[in-house]
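Just below is one structure, and these are the notes that go with it.
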Amino acid sequence: MHGATGFPKNLVSSFLFLSGATALVYELVWSKYLANVLGNSGQAHAVVLATFMGGLALGAYVFGRTADRVKSPLAMYGLLELGVGLYALLFPSVLEVLSAAYLAVAVKVPDGVRVVPKLGLAALSLVVPTMLMGGTLPALVRHFSATLAHVRRELARLYAINSLGAALGVFLAGVSLVPALGLSLSAKLAASLNILLALGAIALARKHPPALGSQAPAEGAAAESGDELSYPHAAVRAALLGVALSGFTSMLYQVTWIRLLSLVLGASTYAFTLILTAFILGIGLGSFWLMTRKGRGDLLRLFAWLQVALVASVCVALPLYVRLPYLFRKAQFLMNRSLDSWSYYQLLTFAFCCLVLIIPTFFMGAAFPAAARVATAKVAEVGRQLGGVYLWNTLGTITGAALGGLVLMPWWGMEGNFIAGLVGNLIAAGVAFAAVPGRPAQPVKAFWPLGLGAACGVLFLLPMSGWAVTLSGIASFRVLETPPASYAAAVNTFEQNSQSLFYQDDTFATVLVGELKNGHRYLKLNGKVDASTGLDMETQIIAGHLGMLLHPRPPENVLLVGAGSGVTAGSVLAHPVKHLDMVEISPAVVEAARLFKAVNRNGVDDPRTHVHIDDAKTFMALAPRKYELIISEPSNPWVAGVSGLFSQDFFRIADQHLTEDGIFVQWIHTYESSEEIIKLVMRTLRDTFPYATTWLGPTDLILVASRKPLEFDAQKVAERLAIPEVREDLGRTDIHDVFGLLAKQVHSDEGQREFAGIGPINTDDRNLLEYAAPVAFFLQNQETRVHDERRGPDGGSRLWIHRYLQEHPPTAKQAADLYRNLDHNHAINDPLIRGAAALWHSLDPDSLEARVALAHTTLAQKDVTLAESVLAPALERGKDDPRFISAWLRVVAAKAWASRTAWTPVTGLSEAVDLGQRMVSAHPEDAELAKSLKTLCDAIPQACSTARGSAPGAPLSGAPGSP
């Protein structure tokens, strides 16, 4: 019989493997489709996951009963797959109709209860295909099962096959299909495969009626007849409660592990895909192990032991969790960052996912079929009973997904979620041990495994209190610097250099606010710094002012996407704005922004500010008003979900909510990016807004876009700059007038169009940015060129500043302000800084400060001769100025390095060293001066030794920190 039926049996099993793969392709694709309507908020994700899982359970329950009655469960499986494939082809059209209905209803519903129409949209769009999917496994289990012994073996085998197929499906969809084909084509490819599977299953059912293996028990079944004894009702109830609790804890863990690994690996779409792949792979391997397990041991007792093992595996791994950021940073630092090593980086990422997930999910995967077998008492009703098991399990998973992300995570964070999961597993184990038939009379002997699990929790959890804050604090995705020597060193560096002021896990993100020893504060979102009071200040401030200053009329209604530190909101509110809508997807970010009150002008709690916790697309789709100005300042597009705020679809929604003369302001970064990515964003923006200019640079760009050409009116801008609050706010960036503002323009309208060029654009269906940005982030290119017109051969003749300077020649003060602005925000060797210093020196040749500025910039570009010629004429006048002497010492050191060889020793520098030592003694607090003297002594140690009458390397008097 095995020889006659082995090939079809394996063939049918391969059908289930492939249908498991297509199911996860659909889940990924449909989730993204629904996210475009419902948003990327945690609430929307929970709604989609709950309806998807609920549909699967309902399908298993309904079609499981049908599988017991039909003549050919295999043919039924084929019809179910056919229905899934056909519906998948119709899904975009169905969603379009339902989305229109949703928007019509949701706009009339208050914010607090909009989850109801969201749930309705998700349910109506997903209930049909997920029900059909849910019925496939019970149908095939019924097809293969002639005895209860078969049920045990086939259930574990088919569950393993389906799970392993699902792991392959989510992997291929996330790293290959969707990036290459987009959402629509990926779904169509999966639908085509479903239809082929359906036709194959129906053809096979007709060729082998009524069902393989259903005529008589397989050889050897009689020997296993003892295993056919059904469990008592108490054991069945315990098993059902156990699968519900294990479903609850599995989703609780999944939500928490995804958050934890996002902090470690970065929250890119690739990382999310690999996390899910490892999670499902572990479940498949666990059920595969149960299939191969010999013997007829009590499955309810085994289920209980698996729960205890799961508890122990999580507890023992907890000390590893907090070390993961250090370990991952150490591992990736060893990699050569190139396109050729991208696949190895993904392999490394997957290895870390498996390190965290494989063992606990292995126990989860073995536990479900074990408990399900306990609850299936009759072969004739295996479909119905298995459907009931699925229903109980899914009640748990839906509760875990909803409560874990929406309620419990904000309530007690990652640490609390793990504790709740462990308690749930121990309760499930206790109920199962209590219901084991023929259990020992002594309670101690019966329940000692529970004590073992509880002991693990106490032993590992209590000493680790506060680990989540440490993990978030030491998380660092950028590996330009050598990683710490050890985990202890990483923690010590974080604790010594930074003080944690705020920490919260909410539905969407883990948010940390820290303060460095120098007083600067930073905001970390899922382990990545998203705002700070340091180098980010210029970007945050100018993003708020540009649109307000360049608009044809003073904007009264403004929309800001992304709260960040609240600095941009405060800059907007420096103008006479009447209404500011701030849309932020993470409620913890809004709370964190209040800690930046000193620098954001209390923008969050200003009476004109209206905070909305929502996804930007969803908010705008339902927003009742139009705005004169919309500012979009999201996170980096390599973060999963953020690239949707750089898509054609988002820009079109924004356009619909702008007034006729409205302005749209978009932030994008150049660091850890690429020229093609910047061009992609600009092309996509200009597809909706035909006119746009670029500002700021070099690391951050601000795009100012409109439907009509913007005419620059210097008088209007000057009047708005004269508002005291505006002048004070922009003064923090050394921008005090029209000249300083115009000096920040990077592209004219024509220049940006030429740079963007012709090519593809970014859409929700083909989100090129979502998959290209993580690759660019991995390469960590710090030198992305954007063809800055200020550096062009024509001197930026098309920029607004060119015409302005013809009528308003700059003063020395304006040149000095420009230099200070560029010096604070640009690399010292940037030609723009040298140009500003040269302008300042030409306008005020008697200024020692201007000479020092020009010397610094020319020296940074290795022009030692010019630097010396600038400083030498004023040496006598500047010998009492520490800044001047510091620059002079560096020039002398650079000249010495440039001229010395083995046969041309450098002499005659004792005078410079003596002068440096006297200045250091007079100004012991000046670290820059001491550093300059050290540079000279490193270049000419003999001169230093002679000057101070000591051996080379002896400490310099009054030079703190020098050798």
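Every number here is computed from the coordinates shown, using simple stated rules; none is lab data. Predicted model only: the values in this text are computed from it and were never measured. Backbone-built Cβ (ideal geometry, glycine too); neighbour counts: all protein chains shown.
How compact is the chain by the rule of thumb for globular proteins, expressed as Cα Rg over 2.2 N^0.38 Å?
1.11
If you average 1/r across every pair of different Cα atoms in segment 792-833 and take the reciprocal, what Kirkwood value do you get, in Å?
Hydrodynamic radius (Kirkwood, Cα pairs) of segment 792-833 is 11.6 Å.
Of all DSSP beta bridges located in the chain, what percent are antiparallel, nearest 5?
65 percent
Among K813, K744, K330, which comes first, second and so on when ranked by fewest other beta-carbon atoms within 10 Å?
Numbers: K813 13, K744 22, K330 18.
Lowest to highest Cβ neighbour count: K813, K330, K744.
So if we plug the beta-carbon distance of V105 and L189 into 1/(1 + (r/R0)^6) with R0 = 30 Å, what FRET efficiency do we get, rounded to 0.05?
FRET efficiency, V105 to L189: 0.35.
Rounding to the nearest 20 debye, state how big the charge dipole of segment 539-784 is about its Cα centre with +1 on each Lys and Arg Cβ and -1 on each Asp and Glu Cβ. Present the calculation step by step, with values, prior to reporting the outcome.
Working: 22 positive and 34 negative charges, 73 e Å.
Charge dipole, segment 539-784, about its Cα centre: 340 debye, nearest 20.
Using Cα pairs under 8 angstrom and six or more residues apart, how large is the relative contact order of segment 472-538, in percent?
26 percent
Filter the trypsin sites (Lys or Arg not before Pro) in segment 465-524 down to the DSSP loop ones having no more than 14 other Cβ atoms within 10 Å, then list what survives.
Working: sites: R478, K517, R521, K524; in loops: R478, K517.
Taking segment 465-524 and a limit of 14 other Cβ atoms within 10 Å, the loop trypsin sites (Lys or Arg not before Pro) found are R478, K517.
In µm²/s, what is D for segment 74-181 at 25 °C and 0.890 mPa s, where D = kT/(6 pi eta Rh) by Stokes-Einstein and Rh is the Kirkwood radius from Cα pairs?
Working: Rh = 16.7 Å.
Rounded to a whole number, D works out at 147 µm²/s.
Would you mind counting up the charge near E660? Only other residues with Cβ under 12 Å from its Cβ, with Lys and Arg at +1 and Asp and Glu at -1. Please report the intermediate quantities before stating the final value.
Working: positive: R553, K626, R707, K708; negative: E628, D655, D661.
Combined, the nearby Lys, Arg, Asp and Glu give +1.
Pick out, in residue order, every one of the chymotrypsin sites (Phe, Trp or Tyr not before Pro) in segment 818-908 that is DSSP loop and has at most 16 other C-beta atoms within 10 Å; say none if there are none.
When the chymotrypsin sites (Phe, Trp or Tyr not before Pro) of segment 818-908 are filtered for loop state and at most 16 Cβ neighbours within 10 Å, W903 remain.
Would you list E754, E415 from fewest to most Cβ contacts within 10 Å?
E754, E415
Using only Cα atoms, locate the centre of segment 728-787 and the centre of segment 315-353, then give the distance between them in Å, rounded to an integer.
Between the Cα centre of segment 728-787 and that of segment 315-353, the gap is 30 Å.
Using Cα pairs under 8 angstrom and six or more residues apart, how large is the relative contact order of segment 1-215, in percent? Could the numbers behind the result be given before it?
Numbers: 272 pairs, mean separation 92.1, N = 215.
Here the relative contact order equals 43 percent.
Note the angle between two axes, namely the Cα long axis of helix 675-688 and the longest principal axis of the Cα atoms of the chain, as a number of degrees from 0 to 90, rounded to the nearest 10.
80 degrees
Return an integer: the convex hull volume of the alpha-carbon atoms of segment 150-200, in Å³ per residue.
73 Å³
How much mean residue ellipticity at 222 nm does the chain get from its helices, if each DSSP H run of length 4 or more adds -39500 (n - 2.57) and you divide by all residues, to the nearest 500 deg cm²/dmol? It would help to have the intermediate numbers written out before the result.
Numbers: 39 runs with 607 residues, N = 963.
Result for the chain, helices only: -21000 deg cm²/dmol.
So what is the relative contact order for the chain, in percent, with contacts set as C-alpha pairs under 8 Å and at least six apart? Kindly include the intermediate steps, with their values, before the conclusion.
Numbers: 1725 pairs, mean separation 102.0, N = 963.
So the answer I get is 11 percent.
Have a look at A485, Q752, L408 and report the one farthest towards the positive end of the charge dipole of the chain, computed about the Cα centre with Cβ charges (Lys/Arg +1, Asp/Glu -1).
Result: L408.
Among 238-249, 257-268, 664-675, how do they line up from the highest to the lowest mean number of other beta-carbon atoms within 10 Å?
So the order, starting with the most tightly packed, is 238-249, 257-268, 664-675.
Considering the options M364, V590, Y804, tell which one lies farthest towards the positive end of the dipole of the chain, charges being +1 on Lys and Arg and -1 on Asp and Glu at the Cβ, about the Cα centre.
M364
Segment 229-455: percent of C-alpha pairs farther apart than 28 Å?
Everything past 28 Å amounts to 34 percent.
About its Cα centre, what dipole magnitude does the chain give when the only charges are +1 on Lys and Arg Cβ and -1 on Asp and Glu Cβ, stated in debye to the nearest 20? Kindly include the intermediate steps, with their values, before the conclusion.
Working: 77 positive and 77 negative charges, 729 e Å.
About 3500 debye.
In bins 5 Å wide, starting from 0, what share of all Cα pairs of segment 469-528 does each bin hold, as a percent?
It works out to 4, 18, 28, 26, 17, 6, 1, in whole percents.
If neighbour count is taken as other Cβ atoms inside 10 Å, put M409, M537 in order from fewest to most.
The most exposed by this proxy come first: M537, M409.
Please compare each pair in K517/K895; K32/K528; K32/K626; K108/K188 to a cut-off of 32 Å on the Cα-Cα distance and tell me which ones are over it.
K517/K895; K108/K188
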